[in-house]
Each structure stands twice: as C-alpha cells, then as structure tokens.
Amino acid sequence: IAENRTAAIAGGQSIADYLESLKTDTDTDNKTKIMDRIKTEVDAAKKSGLCFNFIFQSWLYNVGLEKKNIKGLTVLRFLNRVLGMPLIAQQVMLEYFTKVLNSEISNAKRAGRYDYGITTLGGEKIRVSKPESVVIAGDVSCHCYEVNQDRGTSIQEAINDFNEAEKDSIETGWYFDTRRKLYPCGKNFLI
C-alpha cells in the first residue's frame, strides 16, 4: 500500500488533492467524478487496513501526541498541536472534534448532567428562599437555596396593556414562547 499511495500522491491523486479540487472546481460533473475518485481511494485504503482511527493516530503522532501522552492532554494543548498539522488535516480534525463535542453536550443535556455555568437571572420578581442546611458528614454541610423567578408580567399589567392596545385599534394576541430555555416554564407575550 505504501508504494501505491506514494505513486498516487506524486500523481496528484491524494485525497487531500481531491478535496482541494472539490473546493475550487465549479463544474458539477467534475465534482461527481472527484467524489467517485475519493470513494475509490477510501475503499482502497480500507481494503489495505487503513481506517479513520489509524489516520487520526498518525496525524496526532506527527505532532507529538502519542497514546502514552494522552492522559495529561488538555483541550488547549490538543488545539495547539492541531495547528501543527497540514491544513486539510486541521480541517478534518477540527470538524470531527466539534461534532464529538456537540454530541457530548447534547447527551449531557438529555441526561441532566450539563452544567450551564453562571447565569444571570432576570424577570419581574426573583425570590430566594432561606437556605436549607443538609449535613453531609461530620462538620461538612451543604446549603440548598430555592430560587423562584417570575420572567413575565403580572396578570393585571397584561390586562392593562391589552386594553390600552385595543383602544388604539392595534391587532393584538397572545402566544406562548416555545423556545427551550434553562427553565421549563412558559411565557405569555402581548403582540
């Protein structure tokens, strides 16, 4: 496979060259032919034992990230090392990284493990209850605060706004905000 790949790369038939051609070529027929060539090259690589993980491992190895060094790897160091890769490898690696990251965030949100971090609370009224203390072990205790947040308007204010808008012959109506937010409560708005 090494000899075949070396000859293919020398002849401008590397996958990187094909991807570059896809970006620059505007002819749809040529793009279809290039995609077929890429598929052929990928299939040949798979038959020869190359796979996605092997290619990624070789890219990481080339920038000094070996499996034995992975334990202390931070995102900052990983992204810094990606900058040392060829541009096409950077593009593929970062695309893969963002897809995995988005998948992990989505899974964490679904499982209720995602931490939104510090957030600013806003609304008409915010009430914080007195803390409840829970003793965890010995002298260690945990304080639990209940936060009640009213992010809408009061009923009386909404009725006044509606009546005022009706006097001016403005078409009004109500709708529910269905966007997903941090809190599952709904909002009413005057249009």
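If you roll a 1.4 Å probe over region 55-132 with all protein chains in place, what percent of the accessible area is carbon or sulfur? It would help to have the intermediate numbers written out before the result.
Numbers: 3440 of 6190 Å².
That fraction is 56 percent.
If I take R0 = 41 Å and measure r between the Cβ atoms of Asn30 and Ser103 in this structure, what FRET efficiency does the formula 1/(1 + (r/R0)^6) give, to the nearest 0.05? Intermediate values should be presented prior to the final figure.
Numbers: r = 33 Å, r/R0 = 0.82.
For Asn30 and Ser103, the calculated efficiency is 0.75.
Considering only DSSP states other than H, G, I, E and B, which GluC sites (Glu not before Pro) in region 63-125 qualify as loop sites with at most 15 other Cβ atoms within 10 Å?
Numbers: sites: Glu66, Glu95, Glu104, Glu124; in loops: Glu66, Glu124.
Sites meeting the loop and neighbour criteria: Glu66, Glu124.
State the Cα centre-to-centre distance between region 99-133 and region 6-62 in whole Å.
43
Just in region 34-106: which trypsin sites (Lys or Arg not before Pro) are loop by DSSP and have at most 15 other Cβ atoms within 10 Å? All intermediate terms of the calculation are to be shown ahead of the outcome.
Working: sites: Arg37, Lys39, Lys46, Lys47, Lys67, Lys68, Lys71, Arg77, Arg81, Lys99; in loops: Lys71.
Passing sites in region 34-106 are Lys71.
Within region 12-118, which chymotrypsin sites (Phe, Trp or Tyr not before Pro) sit in a loop by DSSP and count at most 13 neighbouring Cβ atoms inside 10 Å? If you can, show how the numbers build up before the last one.
Values: sites: Tyr18, Phe52, Phe54, Phe56, Trp59, Tyr61, Phe78, Tyr96, Phe97, Tyr114, Tyr116; in loops: Tyr114, Tyr116.
Listed in order of number, the matching sites are Tyr114, Tyr116.
Along region 142-150, what does the Karplus equation 6.51 cos²θ - 1.76 cosθ + 1.60 (θ = phi - 60°) give for ³J(HN,Hα), rounded to whole Hz, x for Gly and Pro?
10, 9, 10, 9, 9, 10, 9, 10, 9
Keeping all protein chains in place, calculate the accessible area per residue for region 38-128 (probe 1.4 angstrom), answer in Å².
Details: 7090 Å² over 91 residues.
The answer is 78 Å² per residue.
The values are calculated or read from the model by the stated rules, or taken from the named source; none is laboratory data. The shown structure was predicted, so the numbers you read here are calculated from the model rather than taken from an experiment. Note that we place each Cβ from the backbone using ideal geometry, even for glycine, and neighbour counts take in every protein chain shown. Ligands, DNA and RNA are excluded from the accessible area calculation, which covers all protein heavy atoms including side chains. Shrake-Rupley method; radii C 1.70, N 1.55, O 1.52, S 1.80 Å.
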